[in-house]
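Before any comments, here is the structure.
The values are calculated or read from the model by the stated rules, or taken from the named source; none is laboratory data. Given the structure is predicted, the values throughout are model-derived calculations rather than measurements. Here the Cβ positions follow ideal geometry from the backbone for every residue, glycine too, while neighbour counts run over all protein chains shown.
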Amino acid sequence: MLPSTALRTASRRLALHSRALSTSAPRLSSNDGNVQLKAVETVGVLGAGQMGLGIALVAAKNADKKVVLVDNSEKSIEKGLSFLDKLLAKDVSKGRITTEIADAVRSKVTTSTDMGALSTVDFIIEAVPEIPDLKFKIFSDLARLCREDATLATNTSSISITRIAAAAGPAANRVLSTHFMNPVPIQKGVEVIRGLQTTDAHFERALGLIREMGKIPSESADTPGFLANRILMPYINEAIICLETGVGKKEDIDAIMKNGTNVPMGPLQLADFIGLDTCLAIMNVLYKDTGDSKYRPSVLLGRMVDAGWVGKKGGRGFYEY
Ligand SMILES: NC(=O)c1ccc[n+]([C@@H]2O[C@H](COP(=O)([O-])OP(=O)(O)OC[C@H]3O[C@@H](n4cnc5c(N)ncnc54)[C@H](O)[C@@H]3O)[C@@H](O)[C@H]2O)c1
């Protein structure tokens with residue numbers, strides 16, 4: 001075969017392959033006609049933990065939205081609000097915002113322990129723990145409680161958006177993922193994922209809100225771990241396996257990755273910051289949903305979670321806080 005013919009054949013194969021890849025994330029019900037959703041005025045955040053609190057802050061501060069923050073634990077709300085005050089005070093002390101702006105942002109956030117407080121909200125972002133049955137129950141409740149045009153987003157790290165959407169029954173077309181990264185006020189990237197059922201109108205609305213929050217959306221397909229965690233979690237898991245099999249001490253594992261690959265922290269410290277319970281839950285979803293042994297969670301990761309050493313949020317993980 002002449003080189004130019006070989007090149008043409010190769011590029012035709014590549015085009016066919018790309019087309020096959022692009023159709024691997026089908027959009028079965030993406031066309032919802034000319035539905036125009038109202039502009040988002042209020043954002044509801046369910047779960048006032050490390051992610052939910054950060055999402056509430058950027059929605060109020062960057063996007064100027066009214067925020068309803070709901071958590072079933074009064075203690076989590078108190079802890080979240082005191083962290084919010086601390087973050088705003090830091091912004092003021094660094095000259096990033098004035099005291100008046102900080103007060104205005106703070107006044108935009110109201111809280112409740114009752115999910116019913118989300119009934120009038122335009123856009124809801126769920127950030128409760130990474131437990132599939134808990135998320136399914138919550139989306140079934142949200143479908144019943146919320147406005148008929150409310151967008152229902154999940155911050156899940158790994159659970160199938162199509163499955164979460166199915167749990168929302170008749171509201172399945174309004175479910176999608178806005179996967180914020182930790183720490184939310186700092187990380188710019190947000191992974192946006194549609195389920196099979198998600199319509200264009202809700203997807204576009206999510207993209208618009210993310211941009212208003214000052215973030216940069218990237219779309220990925222509804223596959224286990226999506227993009228970010230499919231790449232990140234096996235890296236963290238491998239670092240933990242290196243620790244448990246004695247390939248290196250924790251300080252050396254973190255130091256070589258930090259100093260050798262120019263990341264802000266090593267994988268074990270990063271796991272502590274994410275939460276070891278969250279890392280384990282994500283690895284379990286990757287392992288279970290793919291059936292691929294390369295995603296088997298490290299034994300030590302499971303033991304750490306059994307011991308209650310879940311990382312920074314619990315005061316102890318691979319390091320003490
Ligand atoms: N931690 C990370 O680095 C990270 C990054 C991206 C995505 N996520 C995902 O974000 C979600 C939340 O993670 P997190 O780290 O903020 O967890 P977290 O444990 O810090 O917070 C979870 C909050 O949800 C509350 N909660 C539990 N059950 C509830 C219910 N039924 N109703 C209302 N509130 C309830 C808890 O009281 C807690 O305040 C998870 O799906 C996680 O996988 C986490």
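Some notes on this structure:
- From the options Leu268, Leu286, residue that is part of a helix (DSSP H, G or I), of a type in the set (A, V, I, L, M) and over 24 Å from Gly54 (Cα atoms): Leu286
- Filter result for Asp254 (among the charged types (D, E, K, R), more than 17 Å from Asn182 (Cα to Cα) and free of Cβ contacts under 8 Å to residues at least 24 places away in the same chain): yes
- Inside region 61-83, residues that are crowded, with 24+ Cβ neighbours inside 10 Å and either at pLDDT below 95 or part of a helix (DSSP H, G or I) (or both) make up a count of 2.
- Close contacts from region 302-321, counting a first residue that is assigned to a helix (DSSP H, G or I) and a second that is of a type in the set (Asp, Glu), with Cβ to Cβ under 7 Å and a gap of 6+ residues or different chains, come to Val305/Asp277; Lys312/Asp272.
Rundown of residues vs (1) touching a Leu at 6+ places or on another chain (Cβ under 6 Å); (2) aliphatic (A, V, I, L, M); (3) closer than 17 Å to Leu53 by Cα; (4) outside any loop (DSSP other than H, G, I, E, B), yes/no style:
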| site | (1), (2), (3), (4) |
| --- | --- |
| Asp133 | no, no, no, yes |
| Ala172 | no, yes, no, yes |
| Leu196 | yes, yes, no, no |
| Ile210 | no, yes, yes, yes |
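- Yes/no for Gly225 being within 23 Å of Ile161 (Cβ to Cβ) and touching a Leu at 6+ places or on another chain (Cβ under 9 Å): yes
- Boolean, Ala104 is surrounded by fewer than 19 Cβ atoms within 10 Å (Cβ to Cβ), under 22 Å from Ala39 (Cα atoms), of a type in the set (A, V, I, L, M) and assigned by TED's automatic domain parsing to the domain that holds Ala206: yes
- Among the candidates Ser157, Ser73, residue that is outside the structural domain of Leu276 (by TED's automatic domain parsing), in contact (Cβ under 8 Å) with a residue 60 or more places away in the chain, among the hydroxyl-bearing types (Ser, Thr, Tyr) and within 10 Å of the ligand (Cβ to nearest atom): Ser157
- All conditions but one from (1) more than 14 Å from the ligand (Cβ to nearest atom); (2) touching a helix residue (DSSP H, G or I) at 6+ places or on another chain (Cβ under 9 Å); (3) more than 30 Å from Thr198 (Cα to Cα) apply to Gly246; the one that does not is (2).
- Residues being assigned to a loop (DSSP other than H, G, I, E, B) and near the ligand (Cβ under 10 Å from one of its atoms) - total across region 174-190: 5
- Against the numbered list (1) surrounded by 18 or more Cβ atoms within 10 Å (Cβ to Cβ); (2) free of Cβ contacts under 8 Å to residues at least 24 places away in the same chain, Ala89 comes up short only at (1).
- For region 276-321, filtered to residues that are under 19 Å from the mean Cα position of the chain (by Cα) and polar (S, T, N, Q), the residue that is surrounded by the most Cβ atoms within 10 Å (Cβ to Cβ) is Thr278.
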